[in-house]
2 protein chains.
Amino acid sequence: MSVPILDTGIKLVKNVGSFGFGAGSLNDLPGYVNSRRTRAVEARGEGKVVYIIDEFFADRPEIIARLGAQTSDRIEFVATREEPKTEAIDQRVADMIAAGFSKPAALVGLGGGITLDTTKAVANLLTNGGVAEQYQGWDLVKRPGVHKIGVPTISGTGAEATRTCVMTNTRIGLKLGMNSDHTVFDHLILDPELTATVPRNQYFYTGMDAYIHCVESTGGSYRNAVGDAYSRETINLCRQVFLADDMMSPESRTRLMVASYLGGCAIATSYVGVVHPFSAGLSVVLGLHHCVANCIVLRAMREFYPAACDEFLAMAERQRVTIPNGVCKGLSDTQFRALYDATVIHEKPLTNALGSNYRAILAYDKVESLFRKM
Amino acid sequence: MSVPILDTGIKLVKNVGSFGFGAGSLNDLPGYVNSRRTRAVEARGEGKVVYIIDEFFADRPEIIARLGAQTSDRIEFVATREEPKTEAIDQRVADMIAAGFSKPAALVGLGGGITLDTTKAVANLLTNGGVAEQYQGWDLVKRPGVHKIGVPTISGTGAEATRTCVMTNTRIGLKLGMNSDHTVFDHLILDPELTATVPRNQYFYTGMDAYIHCVESTGGSYRNAVGDAYSRETINLCRQVFLADDMMSPESRTRLMVASYLGGCAIATSYVGVVHPFSAGLSVVLGLHHCVANCIVLRAMREFYPAACDEFLAMAERQRVTIPNGVCKGLSDTQFRALYDATVIHEKPLTNALGSNYRAILAYDKVESLFRKM
């Protein structure tokens with residue numbers, strides 16, 4: 001894949017406003033939230049806060065207690081079995097408004113990519129009105145959202161740093177984010193203590209999202225010096241974490257949290273390659289979650305990413321993590337056709353990786369044989 | 001220098017709001033400025049802009065013309081022979097207010113570290129009142145400054161990304177910045193075409209500021225995962241630039257601009273080491289500029305930074321850049337005593353590099369012999 005370096009066309013980066021970091025930094029959340037609260041009280045006489053939290057923490061009162069929520073605030077949980085749907089986001093916003101939270105002083109999102117993306121979408125809808133699907137696309141959000149604070153509890157997706165929040169619009173069968181400068185978090189708390197309780201497999205799959213994206217972007221033809229720099233250091237940190245004795249030591253969890261943030265910064269200025277389109281196929285047709293699907297795909301992509309594929313397998317072995325096997329076993333011709341369609345539709349990343357002639361390289365039989373390897 | 005890893009105590013990062021990048025991105029400045037102008041006109045009926053520009057560009061009308069300044073705006077130049085002084089900043093602010101620019105819609109700083117730091121200080125003073133020396137220190141600025149846009153025209157100092165603006169207060173003999181979240185730029189334009197006309201030596205010395213800072217911080221004992229990540233990639237980019245055939249090719253200038261930005265991000269969360277204190281000594285006592293002084297010092301620091309010293313000399317040779325020699329030749333005992341005092345006063349970086357017992361390592365005779373090598 002030695003294609004010439006082309007211009008990404010991406011020329012503008014909107015940064016997260018600020019972030020606190022380090023083990024125990026969750027303790028700084030109440031102080032930060034209260035400064036927003038005070039400002040809202042001064043401006044309009046009330047300063048209520050909404051906490052949007054991964055349901056995993058519903059029975060972790062020791063974490064909830066540290067958020068500093070007041071009795072007039074609202075705490076709500078997000079189910080993470082399925083990725084966010086536009087209708088569910090709309091319902092959440094309607095419930096919030098009905099409960100008297102139409103103008104909260106701040107939103108706090110605490111959880112993984114699903115929870116963070118939900119928080120971003122809700123923040124935009126509360127100030128812009130309408131429904132989520134109106135803003136799926138590029139730069140359709142007109143006004144800044146409610147001030148929003150992200151507290152990631154798993155590392156890898158980069159949702160804490162990006163200008164999008166991915167949602168599935170089941171009505172029209174579209175999975176697309178609100179890509180907007182207004183979608184970027186105003187503040188983050190990056191506390192690696194919060195990732196100590198993540199199941200090992202999930203920790204690995206999600207962390208690999210950062211690694212895989214950056215492998216794809218640095219292997220592509222649309223490049224720029226900003227994205228390259230972030231990608232290189234993200235890969236470097238992932239190596240330190242996943243080739244270490246223990247990917248979940250305090251030091252490794254700290255590094256992976258930084259990798260996730262920088263990987264998110266990388267995503268913002270670059271494109272993915274062959275892995276993500278195939279992974280999207282597995283998600284759309286077989287309902288596999290994004291991060292594990294990426295891992296399943298990369299294992300079968302030795303011909304496109306030989307070094308990264310080997311390194312990835314070495315990482316999985318070193319961390320004693322199992323990648324699911326045989327997920328396409330026994331699928332029907334109709335299903336393989338659906339997988340093919342859901343893959344080759346991703347023109348931009350496939351052109352990035354393989355050139356504009358990518359459909360010749362990824363002919364139907366070739367794509368089917370790759371899926372059969374998974 | 002294998003000292004244990006200690007906590008930096010730095011837990012919060014304020015990012016630059018956003019940045020545009022790439023060759024020709026200066027063309028996006030008028031559009032960005034006009035969006036601020038429109039907003040100011042809507043809010044209070046006028047939207048004038050002040051451009052603070054390195055005097056180097058006073059006779060470069062082709063650059064000035066591209067800024068999109070209107071007849072009601074103000075363009076002023078900054079002399080860069082000496083680094084900023086608090087009195088000069090105060091005078092500049094007074095002149096601006098007298099000319100009817102007490103509440104500009106935006107400030108645009110176009111130039112090197114001196115010009116960018118001047119812009120940051122002026123922005124804070126226009127909204128906070130008083131004089132510059134009131135804000136020298138940590139977190140003394142109470143209100144956000146005027147919206148400010150930085151356009152660096154030389155790469156290396158990281159002034160475009162940091163939360164400080166260094167000024168010399170001659171009244172009390174203090175060189176200290178306004179360290180504040182409010183000092184951070186709201187927007188940057190990173191256009192590597194602007195660095196094409198920098199003299200080769202100056203380009204090298206200034207670029208080395210990024211390299212040297214990151215060598216010092218990754219060699220120190222006060223560390224964190226965020227600073228380390230930025231520092232590593234900054235060093236990596238500097239290697240690509242200064243070990244390339246031509247450090248000033250368009251590709252190298254692009255990379256060095258990214259290195260400068262990331263190096264600035266690194267500075268914000270880490271500490272320097274042995275080079276900067278000695279360099280400060282050369283600046284204070286002999287009036288040498290910061291960046292060339294750093295290079296003079298690093299060449300004499302083989303015993304503290306052996307690998308970096310060798311690499312630096314290889315870079316200078318490859319780029320055919322001369323580092324001034326013999327700057328301490330023939331100095332008096334009084335001058336050497338002044339150099340010693342101005343060096344060992346820097347407790348934090350020297351402790352970072354050498355441990356709390358650093359004064360035993362840097363005894364008077366030792367320090368003098370190091371200066372004699374320069």
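The values are calculated or read from the model by the stated rules, or taken from the named source; none is laboratory data. Predicted, not measured: the structure shown is a model, and the values here were computed from it. Methodologically, a virtual Cβ is constructed for each residue, glycine included, from the backbone with ideal geometry; neighbour enumeration extends over all protein chains shown. Surface accessibility is based on the protein's heavy atoms, side chains included, excluding ligands, DNA and RNA. Shrake-Rupley method; radii C 1.70, N 1.55, O 1.52, S 1.80 Å.
Here is a yes/no grid of residues against (1) of a type outside the set (Gly, Ala, Ser); (2) open to solvent by 60 Å² or more (accessible area, probe 1.4 Å):
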residue	(1), (2)
A:ILE323	yes, no
A:GLY326	no, no
A:LYS329	yes, yes
A:THR351	yes, no
A:ARG359	yes, yes
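Mind listing just one residue for me: the one in the stretch A:237-254 that is in a helix (DSSP H, G or I) and among the polar types (S, T, N, Q) and, of those, nearest to the other protein chains (Cβ to nearest Cβ)? Step by step, filter the stretch A:237-254, then rank; the result is A:THR254.
If the condition is being at the interface with chain A (Cβ under 7 Å from one of its Cβ atoms), small (Gly, Ala, Ser) and touching a helix residue (DSSP H, G or I) at 6+ places or on another chain (Cβ under 7 Å), then the stretch B:19-28 contributes only B:GLY20. Under the condition of being open to solvent by less than 30 Å² (accessible area, probe 1.4 Å) and touching a residue at least 60 places away in the same chain (Cβ under 8 Å), the residues counted in the stretch A:54-102 number 6. All but one of (1) in contact with a Lys or Arg (Cβ under 6 Å, 6 or more places away or on another chain); (2) within 12 Å of another protein chain (Cβ to nearest Cβ); (3) open to solvent by less than 10 Å² (accessible area, probe 1.4 Å) hold for A:ALA300; which doesn't? So A:ALA300 meets the others, but not (2). Look at A:ALA360 and say whether it is under 20 Å from A:HIS213 (Cα atoms), of a type in the set (A, V, I, L, M), modelled with pLDDT of 95 or more and assigned to a helix (DSSP H, G or I). The answer is no for A:ALA360. Residue pairs whose Cβ atoms lie under 8 Å apart, sitting 6 or more positions apart in sequence or on different chains, and linking a residue in the stretch A:153-176 that is acidic (Asp, Glu) to a partner that is open to solvent by less than 10 Å² (accessible area, probe 1.4 Å) and in a loop (DSSP other than H, G, I, E, B), are A:GLU160/A:VAL16; A:GLU160/A:PHE185.
On the basis of being in contact with a Cys (Cβ under 7 Å, 6 or more places away or on another chain) and surrounded by fewer than 24 Cβ atoms within 10 Å (Cβ to Cβ), does B:GLY177 make the cut? Criteria met by B:GLY177.
Per the listing A:ARG232, A:ARG200, the residue uniquely modelled with pLDDT of 95 or more, within 14 Å of chain B (Cβ to nearest Cβ) and farther than 18 Å from A:VAL16 by Cβ is A:ARG232.
Condition check for B:TYR222 on (1) over 19 Å from the mean Cα position of the chain (by Cα); (2) crowded, with 24+ Cβ neighbours inside 10 Å; (3) within 14 Å of chain A (Cβ to nearest Cβ): one failure, at (2).
When each of B:GLY156, B:GLY207 is tested for being among the small types (Gly, Ala, Ser) and outside any loop (DSSP other than H, G, I, E, B), the lone residue that passes is B:GLY207.
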